[in-house]
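Peer 1: Got a structure for you, written out below as structure tokens; questions coming shortly.
FYI, it's all coordinate maths here, none of it is from the lab. Nothing here was measured: the structure is a model prediction, and the numbers come from that model. Every residue, glycine among them, receives a Cβ derived from its backbone with ideal geometry; neighbour counts consider all protein chains shown.
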Amino acid sequence: MTTTTATPHAYPNILSPLHATLLCGQVPLFLGVLLADIAYYRSYQIQWSNFASWLIAGALVFAGLALLFALVGLFRARGSSRPLTYFLLLLVTWVLGFINALEHAKDAWAVMPMGLALSVIVTLLAIAATWVGLAQPRTGDAR
């Protein structure tokens, strides 16, 4: 005789499709900022700095909306530190992204090297936040 146990909520923290889209959408935008900053650093063509500014604006919209979803998820969390870690990573990503936007609002010649350094940090934070947000703990095992 085999005993089967049912878990009513095997995946209680799965992201909604909109939340996952917003979360994943920030990564290519922040990565685009980093690539545009590298291109500007190597060529000093001012248009790369302008392009990076627009990408930062889009990335901040995606990250900000994902942050709102994470805040709601933080209130729904029960006894797990993962939602808090995810929320804090997103919050730091958004704040440093905003500081990066202010840095890119300067004259194009004044953006480097601080803009490039901030872009590297924000891109890594966005990747880490997405990783933590999408990595769901599994309860139970399949047999």
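Peer 1: Normalising by the residue count of the range 19-69, find the relative contact order in percent from Cα pairs under 8 Å and 6+ residues apart.
Peer 2: Once divided by the residue count of the range 19-69, the mean separation gives 53 percent.
Peer 1: Right, next: So if each residue of separation counts as 0.36 nm, and I subtract the Cα-Cα distance between I46 and R82, what length gain in nm does that give?
Peer 2: 8.9 nm
Peer 1: Continuing with the same structure: For a quick protection proxy, order the peptides 55-63, 92-100 by their average other-Cβ count within 10 Å, most packed first.
Peer 2: So the order, starting with the most tightly packed, is 55-63, 92-100.
Peer 1: Moving on to the next point. Once you have the Cα-Cα distance between W109 and F75, take 0.36 nm times their residue separation minus that, and quote the gain in nm to one decimal.
Peer 2: 7.9 nm
Peer 1: Length gain on complete extension for the stretch I14 to L68, per 0.36 nm per residue less the alpha carbon to alpha carbon distance?
Peer 2: Net length gain for the segment: 17.9 nm.
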